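Engineer: Pasting a structure below so you can have a look.
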Amino acid sequence: MIQEYQTKEKALAYLENADRIPERSHGERMVLDLLPSTTRRVLDLGTGDGRLIDLVLAVHPLATGLAVDFSEPMLERARARFANRNEVSVQYHDFADSILYLGRFDAVVSSFAIHHVEDDRKQTIYREVFEILEPGGVFVNLEHVSAPTDKLHDDFLDAMGITRETEDRSNRCTPPAIQLDWLIRAGFIDVDCFWKWRELAVLAGTKPS
Ligand SMILES: C[S@@+](CC[C@H](N)C(=O)[O-])C[C@H]1O[C@@H](n2cnc3c(N)ncnc32)[C@H](O)[C@@H]1O
């Protein structure tokens, strides 16, 4: 079954409005702040057009990266972004499948992507991320989380300029506290919600050295 983001219409509509997500740049800055200066190998899960891993590599010019997504229109845009740069590989991967074969990384990052899968798989992805990180590696997830009340969800939609009718039907958002608990159960330390604006949050943890 084709999922929404695998269609050209949805992928391009998202990318056209990506800069209009309020406070996004603050969340992205927190992602960058949390990456150790020793970061050399980076994985971006649900990369879209490669925006986040591009920001990471701008700060870590010696690093190399793997950017994965399951949407061909998104992969096309990411490949175009990195066409003349061999520090990033772009690859098809569906979150439905294990990420264990993707390699080993100092940092795994993601933005607004993992919330598209059901909770069971999200929790398993967090465990798999722990497995593929080198000791001392970090997982930093800039994510769309759920609001604690309907009123706060409506306030978020208002701030985003959307309605319950037009909000993304593929969202499967989860409260941040539950996700922090999953990270701790996976084995991560120094787990926290490092930044939050309404339903947008940076959730992160470190694999013990
Ligand atoms: C809201 S976009 C975010 C894209 C990019 N990370 C960014 O911050 O602009 C969500 C991304 O997650 C990807 N995605 C959703 N479900 C996925 C799945 N099952 N496997 C892999 N990627 C998925 C979509 O194709 C899309 O590129």
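What follows is calculated from the coordinates using simple rules that are stated; it is not laboratory data. Source: prediction; values computed, not measured. Neighbour counts run over all protein chains shown; Cβ positions are idealised from the backbone, glycine included.
Engineer: Given H placed 1.01 Å from N in the peptide plane, which residues other than close sequence neighbours of G65 have an amide H under 5 Å from its amide H?
Structural biologist: Close amide H contacts, sequence-distant or interchain: V42, V88, S89.
Engineer: Near the amide H of S146, under 5 Å away, which other amide H atoms are found, from residues 5 or more places off or on another chain, if H is placed in the peptide plane?
Structural biologist: Here T174 satisfy the definition.
Engineer: Taking K and R as +1 and D and E as -1, what net charge do the other residues with C-beta under 14 Å from the C-beta of E199 add up to? Walk me through the numbers before you get to the answer.
Structural biologist: Values: positive: R24, K151, R164, R172, K196, R198; negative: E23, E143, D150, D154, D155, D158, E167, D168.
Taking every other residue near E199 into account, the sum is -2.
Engineer: Compute a Gaussian network model of the chain, connecting alpha carbons closer than 10 Å, and tell me which residue from Y101, Y126, Y14 fluctuates the most.
Structural biologist: Ranking Y101, Y126, Y14 by mean-square fluctuation puts Y101 first.
Engineer: Okay, next question. Could you work out how far apart the two model spin labels at I2 and N86 are, taking each label as a point 7 Å from the Cα in the direction of the beta carbon, and quote it in nm?
Structural biologist: Output for this residue pair reads 3.5 nm.
Engineer: Also, I was wondering about something else. With respect to the cross-link table entries K122/K196; K10/K122; K10/K207; K122/K207; K8/K122, which display a Cα-Cα separation exceeding 27 Å? Could the numbers behind the result be given before it?
Structural biologist: Numbers: K122/K196 19 Å; K10/K122 22 Å; K10/K207 35 Å; K122/K207 18 Å; K8/K122 25 Å.
Pairs exceeding the cut-off: K10/K207.
Engineer: In addition: State the Kirkwood hydrodynamic radius of region 6-101 in Å, one decimal place, computed from all pairs of distinct Cα atoms. Write down the numbers at each step before the final one.
Structural biologist: Details: mean 1/r = 0.0714 Å⁻¹.
That comes to 14.0 Å for region 6-101.
Engineer: Assuming R0 = 30 Å, can you tell me the calculated FRET efficiency for the pair T64 and E16, based on Cβ-Cβ distance, to the nearest 0.05? Please report the intermediate quantities before stating the final value.
Structural biologist: Numbers: r = 29 Å, r/R0 = 0.97.
With R0 = 30 Å, the Cβ-Cβ based efficiency is 0.55.
Engineer: Just the Kirkwood number for region 139-206, please: inverse of mean 1/r across all distinct Cα pairs, in Å, one decimal.
Structural biologist: Working: mean 1/r = 0.0786 Å⁻¹.
Final number for the Kirkwood radius of region 139-206 is 12.7 Å.
Engineer: Mind checking which aspartates and glutamates have their C-alpha under 16 Å from K151, skipping anything on the same chain fewer than 8 residues away?
Structural biologist: E165, E167, E199
Engineer: Excluding P208 itself, calculate the net charge of residues whose Cβ lies under 12 Å from the Cβ of P208, where each Lys or Arg counts +1 and each Asp or Glu counts -1. Can you show the working numbers first?
Structural biologist: Numbers: positive: K207; negative: E134, D190.
Result for the neighbourhood of P208: -1.
Engineer: I would also like to ask the following. Between L152 and E76, 0.36 nm times their residue separation minus their Cα-Cα distance comes to what?
Structural biologist: Details: separation 76, 0.36 × 76 = 27.36 nm, distance 3.58 nm.
Residue separation times 0.36 nm, minus the Cα-Cα distance, leaves 23.8 nm.
Engineer: While we're on this one: Given H placed on each backbone N at 1.01 Å, which residues far from D192 in sequence or on other chains put an amide H within less than 5 Å of it?
Structural biologist: Residues meeting the amide H criterion: A204.
Engineer: Counting Lys +1, Arg +1, Asp -1, Glu -1, what net charge surrounds Y101 among other residues with beta carbon under 13 Å of its beta carbon?
Structural biologist: Values: positive: R104; negative: D94, D97, E128, E131.
Within the 13 Å Cβ shell, the charges total -3.
Engineer: Whole number please: convex hull volume per residue, Cα atoms of the chain, in Å³. It would help to have the intermediate numbers written out before the result.
Structural biologist: Values: hull volume 23.3 nm³, N = 209.
That works out to 112 Å³ per residue.
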